[in-house]
Amino acid sequence: MTIGVVIAGIAGLFAYAAGWLTPNALTPARIVNTLEEVNGRHPGFRRNHAKGVCVSGYFNSNGRGTELSKASVFQPGRMPVIARFSLSGGQPEAADAPDTVRGLAILFTLPDGEEWRTAMINLPVAPFRTAEGFTDLVLASAPDPATGKPDPARMQGFFARYPESAKAMELIGSQPLSSGFENSRFNSLSAFRFINAAGSVAWVRWSVAPVQPEPVATTRLDGTNKNWLFDALIASIHSQPLAWHLIVTVAQAGDPTDDATIPWPADRRQIDVGTLTIDRVESEDTSPARDINFDPLVLPNGIAASDDPLLSARSAVYSQSFTRREGEPKNPSAVSTAETAR
Ligand code: HEM
């Protein structure tokens, strides 16, 4: 082979990686561009889940998870966590609304120094199965400039193209909304694999289920406070530590592991593996959580990805969003340091 052929081959690989040979392919950069086009560019902020507040606390593992996974997070004991509550959407100044998707991202620091990062939301299933579905939903639900609301015809077209999303939305719409971040259940939605000390594999999904049935504190919804959901969360944490049980749901043969739009049957085994306690809250302006990429594929030994296509897509897109925002000047968070102060 001549050197010229080798160079042409390498150049071709670069062109392939950059997406030049597949102008219509959905790359991580194109997905982030779409988020920026729909939401506007907000330098320094996450391109999705832009509005958030940072918290910290600890996870008390009760040891029951060791049956399924050798990850040291499941050994009995206590370890620190850094986390971030957020609302979906790419606008950091958006007003809080009850039906905006709520997020909770957690970084566990394990006793052996490994990390486990997970980003969960309060929906019971994902409203899209793939990155294509995500991107088309972002485009279809963008507000129509004439009405300020999504165009019903575009949404109908989206559901016709993605029947799995239409089905998922039926289930999502049938479930009551919790009143705050404090009493929300947050779900991994995607499946993962747990590997135990004997090498046995279990397919699981996980959730954190709230201990407090209601927000401890509430803030008035009088139309003037656009941060009412976040402010209630902050006041609740100031009045008492908040807690969630970490619940692992175990699949049975035949349960879908590659499709987060489909719920697993309600009778699947659930194991409470420990309690997450959140006792500190901080604005993004000062917390190290601002500069964390809650990549769902940062997993400790003993937890591995499933065949769900959302996982690798999210990992690649979060990295693209993180790289852009880390290179930009930082602007004050919508939830200010004055608000998080006691
Ligand atoms: C292919 C589908 C998806 C895409 C393209 C996507 C995109 C993004 C992007 C760009 C960010 C900002 C990342 C950063 O700059 O750090 C983000 C954050 C987030 N996403 Fe997704 N997402 C997807 C699906 C999901 C799903 C299924 C869940 C929940 C199960 C989820 C939960 C979250 C949460 C909680 C955050 C905020 C994390 C934080 O506080 O840093 N996303 N997403």
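Give me the net charge for the shell around Ser190: Cβ to Cβ below 12 angstrom, other residues only, Lys and Arg +1, Asp and Glu -1.
Taking every other residue near Ser190 into account, the sum is 0.
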- request: Enumerate the lysines that Lys149 could reach by cross-link, defined here as Cα to Cα under 24 Å, with residues fewer than 8 away along the same chain left out.
  value: Lys51, Lys167, Lys226
- prompt: Which of rounded, prolate, oblate describes the stretch 164-292, given a ≥ b ≥ c as roots of the alpha-carbon gyration tensor eigenvalues and a/c under 1.5 marking rounded, otherwise prolate only if a/b is larger than b/c?
  reply: prolate
task: Tell me the label-point distance for the pair Asp151, Ser200, using the 7 Å Cα-to-Cβ offset, in nm and rounded to one decimal.
output: 5.5
- request: Against the globular-protein guess of 2.2 N^0.38 Å, express the Cα radius of gyration of the chain as a ratio, rounded to two decimals.
  value: 1.03
statement: Between Arg280 and residues 5 or more places away or on another chain, the pairs with built amide H atoms under 5 Å apart involve Ser56
Value of relative contact order over the stretch 227-334, rounded to a whole percent, pairs C-alpha under 8 Å and six or more apart: 27
- prompt: Taking the highest mean first, how do the peptides 159-168, 287-296 order by number of other beta carbon atoms within 10 angstrom per residue?
  reply: 287-296, 159-168
- prompt: On alpha-carbon atoms, Rg over Rh for the stretch 87-241 using Kirkwood Rh?
  reply: 1.01
- prompt: How high is the relative contact order of the chain, in percent, counting Cα pairs under 8 Å that sit 6 or more residues apart?
  reply: 23
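Run the helix sum for the chain: -39,500 (n - 2.57) per DSSP H stretch of 4+ residues, divided by residue count, reported at 222 nm to the nearest 500 deg cm²/dmol.
Values: 8 runs with 94 residues, N = 342.
The helix contribution divided over the chain gives -8500 deg cm²/dmol.
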statement: Using alpha carbon centers only, the stretch 230-297 is separated from the stretch 63-124 by a whole-angstrom value of 4
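Values in this text are rule-based calculations from the coordinates and carry no lab data. This is a predicted model, so every value here is computed, not measured. Counting neighbours? That spans all protein chains shown, and the Cβs are built from the backbone with ideal geometry, glycine included.
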